[in-house]
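Undergrad: Pasting a structure here, questions to come.
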Amino acid sequence: MSNAESAVASANAHVGAEKRTKHRWVVMGLIFIIWAIACADRANFGIALPYLKKEYGITNTEAGLIVSLFSFAYGFVQIPVDLLYKRISGLAKKPPAFCFPSS
């Protein structure tokens, strides 16, 4: 293969790599829906807790344990997500923007 042929092949591969599809917007939409449901879940649990305590006879200690278990589960899931992020991105550290939660 000559230098000209390899340059053309390289250029064709580069053009194919930049081709974008609409699937990324579908994925972004699904991520947004899951995020919105997760936020609504956490917010609504605090609103529904007094009614759950009354209906099921849950004490304050048991209600605190239930809320803590949800928080621990959320924190526990961050470990495999972080490992997956490091494996996919190949970075040793997260960018500083990931260190601060958004408000």
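Undergrad: Within the range 49-103, can you find the residues that are in contact with a helix residue (DSSP H, G or I) (Cβ under 9 Å, 6 or more places away or on another chain), β-branched (V, I, T) and either surrounded by 10 or more Cβ atoms within 10 Å (Cβ to Cβ) or modelled with pLDDT under 80 (or both)?
TA: Scanning the range 49-103 gives I58, I66, V67.
Undergrad: Separate question: Within the range 61-75, is there a residue that is touching a residue at least 24 places away in the same chain (Cβ under 8 Å) and of a type in the set (A, V, I, L, M, F, W, C)?
TA: Yes, the range 61-75 has at least one match.
The values are calculated or read from the model by the stated rules, or taken from the named source; none is laboratory data. Note that the coordinates shown come from a computational prediction; the quantities given were computed from them, not determined experimentally. Glycine also receives a Cβ, built like all others from the backbone with ideal geometry; neighbour counts cover every protein chain displayed.
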